[in-house]
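Engineer: Please find one structure pasted underneath; my questions will follow.
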Number of protein chains: 4
Amino acid sequence: MRILVTGFDPFEHEPINPSWEAVRRLPDKVSDAEIIKVQIPTSFARSPEFVRDAILRHDPDVVVSVGQAGGRFGINPERVAINLDDGRIADNDGYQPIDTPIRADGPTAYFSSLPVKAMVTAIRAAGIPAAVSNTAGTYVCNHIMYQILYMIDREFPGKRGGFVHVPYIAQQVTDKPNQPALSVDDLVTALTSAMAAIVEYRDKPDEHSVGGATH
Amino acid sequence: MRILVTGFDPFEHEPINPSWEAVRRLPDKVSDAEIIKVQIPTSFARSPEFVRDAILRHDPDVVVSVGQAGGRFGINPERVAINLDDGRIADNDGYQPIDTPIRADGPTAYFSSLPVKAMVTAIRAAGIPAAVSNTAGTYVCNHIMYQILYMIDREFPGKRGGFVHVPYIAQQVTDKPNQPALSVDDLVTALTSAMAAIVEYRDKPDEHSVGGATH
Amino acid sequence: MRILVTGFDPFEHEPINPSWEAVRRLPDKVSDAEIIKVQIPTSFARSPEFVRDAILRHDPDVVVSVGQAGGRFGINPERVAINLDDGRIADNDGYQPIDTPIRADGPTAYFSSLPVKAMVTAIRAAGIPAAVSNTAGTYVCNHIMYQILYMIDREFPGKRGGFVHVPYIAQQVTDKPNQPALSVDDLVTALTSAMAAIVEYRDKPDEHSVGGATH
Amino acid sequence: MRILVTGFDPFEHEPINPSWEAVRRLPDKVSDAEIIKVQIPTSFARSPEFVRDAILRHDPDVVVSVGQAGGRFGINPERVAINLDDGRIADNDGYQPIDTPIRADGPTAYFSSLPVKAMVTAIRAAGIPAAVSNTAGTYVCNHIMYQILYMIDREFPGKRGGFVHVPYIAQQVTDKPNQPALSVDDLVTALTSAMAAIVEYRDKPDEHSVGGATH
């Protein structure tokens, strides 16, 4: 089994991106799965090309994209990607779409095909806070999650894909009052546990557990 | 023009529901639109029946459902409803679905057909905090939003529909430390402004303004 | 009985100050107490002069200063003022002290001589969130509270004094994401209830109730 | 030079206390200072006895007590301890004081005699969020800080003392939604940096830098 894991380069004044800091430190092997790590740009236009190239080169069974969610308290496997780009800020190419569909011929949304509940349980068991999230936002993170699931739908049937948001790491918040942060080691532990859950649930439905949100 | 506005009955130990407290105080007329107010139950099974009955009785042009989002800071027009029920708690009938599709034959999600950006602008102009939200959760609020948009899609073409989340009101948080709340008067002002925006934008596309979320 | 209540003028880019917006709307009479309302400047140097002048002119039994605490969720009667000025920002005169004692001959701190627990109970009973706070900060709010209690200690024995922090009001946070706010009407209701508690407890010790903070 | 550092045992349903988890992992030497680590009980009555015994046994130059502040985002050197016990909950002995002075013959408050600004600068330079706090609460943490400074004032002149609050560590918040947490390694790094600042500033006044709070 092979899992392609991507992390983003930094954006919006940050010198680092915790997603890539964590992804590049992942072990090369989790359970019996090979982990392939690729950095992708915070760019609406270019990030899908990077992922598609990596899929063609490595033929992974699973694609997991990881991104920064400053302000969140724990690790968030994302449940759903929506067919909409709406940038609060421009991306690293200076492009700022407003209320634009990602794919004119795509469905309104795709659900993650990763076992998000099992991933949350595994991350918590490793001592790191986690919860299923029901929005990946409307920026490049949601965009790449939608594009990955669209690619799988149209071009790479049989593969599974999804997205995980991670909080700031501590060094990013030393000058930001009251912003939650974890350590990069905790992010690595969390993502490794999530990968192990993906391997364990490869042939079975997601864990049946309470994890919804009233709003 | 006629706008059907629904509010929910109380749930989860709350003696009141701010959505109904605000909706029942709305004026009977906003701009040239008649406002019809209906209370619906916090029930996965029964809420859609209440809405459908009200649509059949009143033949509104627009259906706006309003619900409580404890912990949110402002008024949130919701952008999207997803085809999934996942209850953190049981509803008022004691029913707690886990990862269940709402409609087996429905799409993964529906976008609101209300002018959510214009509604946010109008609410802020009235002095009340507001933002577009990209998740209505996975409880009865998301459920009724999805069901309304499904009904419109299948049974009532030409109508428009959507959902607005409102925060706690002050009396609900006197014994809850560090929970944001607005006054019921502010909720009424906000919803009235949102209705005015719906009327104003009935024949034109939504306002083109920045209002996305990076995550 | 006569209660002098002060509110501040706006500071740090805010067009209004909720403390004065609320104070100027207070009734002229609460229970049998006359309420005298005075606006004071957000100035380390000048605010004590304004208060002293008002004390000399009106000879109040109680002095209550009210100030803005952006980011707090409810009404906070302050427990203690410390003998230290440490400005995160400059005051309205451009003065920014760092770690400077307020009164070289004063004690390290003064406790409020208002019935802070009874005030919290009264405000909550009126449906508004409230809690005793154990820090008034190190800016002009703490400064004026300390100066009032110092004046009472040295110059006006027999009078009582203290401070109440109030959150933002809704119109201040329309462009500030995730900041709590109450309505100005709720602030007026809360402060009126607090004044009533001050009158009720004028001749008895503060209410004996749980209201401490673990940190 | 010798620094006595204390951490607390667990309280209020927590299986561990991050203050002791961090303190017991501190190095035995920081700069040229010997670090002596002692666990003390979360008890109003007994914690001062433990500290006094340790002072008598080890004759430290500096006493730093460390405690848990669940809900805080970073490391907080405390500026001031007040002469008041007011328990939101009972301590580990079942004792819950309400509005009780700590020392009938003590001053209203003591300022920390540690270089709190320099400690914050050193912790941030190590990549961990930190800020001076102006309240240590009204529970056992404030109590021990007050008692240490009272002991130094009355019995151990020439010694310096103070208190540092630390947030939850990650494993404590896996089942607490939206609570900030750091890793135990980050706490150790932060406290070690703070100790180094204490050594560096032993013979000079605290750093002159902006670090006040408007409220």
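Engineer: Efficiency by 1/(1 + (r/R0)^6): what FRET value for residue C:32 and residue B:45, r their Cβ-Cβ distance, R0 = 51 Å, to the nearest 0.05?
Structural biologist: Efficiency at R0 = 51 Å is approximately 0.35.
Engineer: If you draw the axis that swings chain C onto chain A, which residue of C has its Cβ closest to it, and how far is that in whole Å?
Structural biologist: C:178, 5
Engineer: With a point put 7 Å past each Cα toward its Cβ, work out how far residue D:58 is from residue D:125 in nm, to one decimal.
Structural biologist: Between residue D:58 and residue D:125, the label points sit 2.5 nm apart.
Engineer: Also, quick follow-up: Using Cα-Cα distances under 8 Å and only pairs 6 or more residues apart, what relative contact order does the range C:2-200 have, in percent?
Structural biologist: In percent, rounded to a whole number, it is 29.
Engineer: Across chain D, what fraction of all alpha-carbon pairs, as a whole percent, falls in each successive 10 Å bin from zero upward?
Structural biologist: All Cα pairs considered, the percentages come to 9, 37, 40, 14, 1.
Engineer: State, in square angstrom and to the nearest 100, the accessible area buried between chains C and D, both chains counted, probe radius 1.4 Å.
Structural biologist: Between C and D, the summed buried area is about 3000 Å².
Engineer: What is the distance in Å between the Cα centres of the range B:144-215 and the range D:170-202?
Structural biologist: Here the answer is 41 Å between Cα centres.
Engineer: Between residue D:155 and residue A:176, how high is the FRET efficiency from 1/(1 + (r/R0)^6) when r is the Cβ-Cβ distance and R₀ = 41 Å? Nearest 0.05.
Structural biologist: My answer for the efficiency is 0.45.
Engineer: How large is the accessible surface per residue of the protein assembly as shown, computed with a 1.4 Å probe and reported in Å² as a whole number?
Structural biologist: 35
Engineer: Over 18 Å, how big is the tail of the calculated P(r) for the range A:98-191, in percent of all Cα pairs?
Structural biologist: Of all Cα-Cα distances in the range A:98-191, 57 percent exceed 18 Å.
Engineer: In nm to one decimal, list the spacings between the residue B:16 label point and its equivalents in the other copies, with label points set 7 Å along Cα to Cβ, shortest first.
Structural biologist: Copy-to-copy label distances at residue B:16, shortest first: 2.2, 4.5, 4.9 nm.
Engineer: Just report the Cα centroid separation between the range A:45-94 and the range B:51-99, whole Å.
Structural biologist: 29
Engineer: Then there is this: Ignoring ligands, DNA and RNA, what percent of the accessible area of chain D is carbon or sulfur (1.4 Å)?
Structural biologist: 47
Engineer: Looking at the range C:95-119, which residues lose a minimum of 10 Å² of accessible area between their chain alone and all protein chains in place, measuring with a 1.4 Å probe and not counting ligands or nucleic acids?
Structural biologist: C:96, C:98, C:99, C:108, C:109, C:111, C:117
Engineer: Could you tell me the relative contact order of the range D:150-194? Use alpha-carbon pairs under 8 Å, at least six residues apart, and round to a whole percent.
Structural biologist: Worked out over the range D:150-194, it gives 25 percent.
Engineer: If we hang a label 7 Å off Cα along the beta carbon direction at residue A:157, how far is it from the matching labels on the other copies, in nm, shortest first?
Structural biologist: For residue A:157, the inter-copy label distances come out at 3.0, 8.9, 9.4 nm.
Engineer: Using a 10 Å cut-off around each Cβ of peptide B:72-81, what is the average number of partner chain Cβ atoms that fall inside?
Structural biologist: 4
Engineer: If you don't mind, there's one more thing I want to ask. Under the rule of at least 5 residues apart or a separate chain, name every residue whose amide H is placed under 5 Å from the amide H of residue C:160.
Structural biologist: For residue C:160, whose amide H was placed from the backbone, the distant partners under 5 Å are C:62, C:63.
Engineer: Compare the Cα positions of D:84, D:114, D:168 along the charge dipole of the range D:2-200 (+1 at Cβ of Lys, Arg; -1 at Cβ of Asp, Glu; about the Cα centre) and return the one farthest towards the positive end.
Structural biologist: After comparing all options, I get D:114.
Engineer: Moving to a separate point now. Quick one: Karplus J couplings for the range D:105-116, per residue in order, coefficients 6.51, -1.76, 1.60, θ = phi - 60°, nearest Hz, x for Gly and Pro?
Structural biologist: Once rounded to whole Hz, the list reads 9, x, x, 4, 7, 10, 7, 3, 9, 9, x, 5.
Engineer: I would also like to ask the following. Which one, B:101, B:27, B:51, is farthest towards the positive end of the dipole of chain B when Lys and Arg carry +1 and Asp and Glu -1 on their Cβ?
Structural biologist: Selected residue: B:27.
Engineer: What figure, in Å² to the nearest 10, do you get for the accessible area of residue A:208 with a 1.4 Å probe and non-protein molecules left out?
Structural biologist: Rounded to the nearest 10, that gives 140 Å².
Engineer: Now a separate question. One decimal, nm, shortest first: give the distances between the label point of residue A:107 and those of the same position in the other copies, each label point 7 Å from Cα along Cα→Cβ.
Structural biologist: So the label point of residue A:107 gives 1.1, 6.9, 7.0 nm to the other copies.
Engineer: Sticking with this structure for a sec: With viscosity set to 0.692 mPa s at 37 °C, what whole-number translational diffusion coefficient in µm²/s follows for the range A:1-110 from Stokes-Einstein and a Kirkwood radius over Cα pairs?
Structural biologist: After rounding, the answer is 215 µm²/s.
Engineer: Here is a further query. Determine how many Å³ per residue the convex hull of the Cα atoms of the protein assembly as shown encloses.
Structural biologist: Cα-based convex hull of the protein assembly as shown, divided per residue, equals 164 Å³.
Engineer: In percent, how large is the relative contact order of the range C:1-96, given Cα pairs closer than 8 Å and 6 or more residues apart?
Structural biologist: Computed value for the range C:1-96: 37 percent relative contact order.
Engineer: Further question: Taking 7 Å along the Cα-to-C-beta vector as the label spot, tell me the residue A:185-residue C:199 distance in nanometres, rounded to one decimal.
Structural biologist: 6.1
Engineer: Hey, another quick one. Can you tell which of B:186, B:85, B:32 shows the greatest fluctuation in a Gaussian network model of chain B with Cα springs below 10 Å?
Structural biologist: B:32
Engineer: Right, next: Can you pull the one-decimal nm distance between simple spin-label points at residue C:9 and residue C:89, each 7 Å off the Cα toward Cβ?
Structural biologist: 1.6
The values are calculated or read from the model by the stated rules, or taken from the named source; none is laboratory data. For clarity, every value in this text was computed on a predicted model and none was experimentally measured. Cβ atoms come from the backbone with ideal geometry, glycine included; neighbour counts cover every protein chain shown. Just the protein is used for accessible areas: all its heavy atoms, side chains included, with ligands, DNA and RNA removed. Shrake-Rupley method; radii C 1.70, N 1.55, O 1.52, S 1.80 Å.
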